[in-house]
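Accompanying notes for the structure given below.
The values are calculated or read from the model by the stated rules, or taken from the named source; none is laboratory data. Just so it is clear, the structure is predicted and the values come from calculations on it, not from any experiment. FYI the Cβ positions are ideal-geometry reconstructions off the backbone, even for glycines, and counts take in every protein chain you see. The area values use the complete protein model at the heavy-atom level, side chains included, leaving out ligands, DNA and RNA. Shrake-Rupley method; radii C 1.70, N 1.55, O 1.52, S 1.80 Å.
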Amino acid sequence: MSGAVQHAEVHGWHLPLPPHRFGCMTHVEILMLLQFIGIAAFAVSGALVAGERQMDWFGVMVLGVIVAVGGGTVRDLLLDVPVFWMAAPWYVLLAGCVALATIPFARFAHRVRRPVAIADAVGLAVFVSLGTRKALEMETSGFVAVVMGVITGIAGGVIRDVLANRTPTILRKEVYALAALCGALLFVFADWMGLPPLLTFWISSGVVLIIRLLAIFYNWSIPTLKVEPGEQD
């Protein structure tokens, strides 16, 4: 029925969606498109790191998949719920295919880093909000929901960097985890205020996306701690 409320499971979150349309797309279609963009961007970022470390094609695929689904996997394990991609294997298949498809274009990596970073920002924004909401649906505290939201967005990249033997991005100057934290905090606050779930989602995602895009275009960074090495005994 055209007036019925749709329900979609997006990244493990059972989302009630009104049947409104934006142009030719429904809420469900927009969320799925954003997920496709985010997963693809995460997979490409993993593949590029694998290329920098001169890994074989299997390593390229592994790192691409880990970035795309690692955060949600860690979240679900911590929440003690079924891992989301086991019920929807297309997450893993899409990430693996995109990572492998990156190989022929690796030589042009320096030209696509900013577009990939922008798409990655979309994925971060969507996954942080979905992860926070899923934790709230499990009736966790607001603090735990914030942690789960941040983990959903950044844990895959941390695992990627550890496997690639490099300092994780979130421990460097990048305004990345901070954007995720702001979005998760805002989601919990908006939910506490009683705002509709869908509106809460868009507000939280929008804040993460805006902060991350500003950091990309204006080279924002967090001050680093610099300690001069002491004399050895």
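Which whole-number percentage describes the relative contact order of the chain, with Cα contacts under 8 Å and a sequence gap of 6 or more?
Contact order relative to length: 20 percent.
Run the quick spin-label model on Glu52 and Val28: label points 7 Å from Cα toward the beta carbon, then report their separation in nm to one decimal.
Once both label points are built, they end up 3.9 nm from each other.
Working from Cα positions, state the angle (0 to 90°, nearest 10) between the long axis of helix 197-218 and the longest principal axis of the chain.
It works out to around 30 degrees.
At 7 Å along Cα-to-Cβ for each site, give me the label-to-label distance between Lys226 and Leu77 in nm.
3.8 nm
What number results when the radius of gyration of segment 30-137, computed over Cα atoms, is divided by 2.2 N^0.38 Å?
On the way: Rg = 13.8 Å, N = 108, 2.2 N^0.38 = 13.0 Å.
That works out to 1.06 for segment 30-137.
So how much slack lies between Ala106 and Asn165, counting 0.36 nm per residue of separation and subtracting their Cα-Cα distance, in nm?
19.3 nm
Keeping all protein chains in place, calculate the accessible area per residue for the chain (probe 1.4 angstrom), answer in Å².
Working: 12450 Å² over 233 residues.
Value returned for the chain: 53 Å² of accessible area per residue.
With r as the distance between the Cβ atoms of Glu139 and Leu198 and R0 = 22 Å, compute the FRET efficiency 1/(1 + (r/R0)^6) and round to 0.05.
0.65
Before anything else, pin down the relative contact order of segment 50-122: Cα pairs under 8 Å, at least 6 apart, normalised by residue count, whole percent.
Over segment 50-122, the number comes to 32 percent.
Among 205-218, 95-108, how do they line up by average Cβ neighbours within 10 Å per residue, starting with the highest?
Ranking, from highest mean packing down: 205-218, 95-108.
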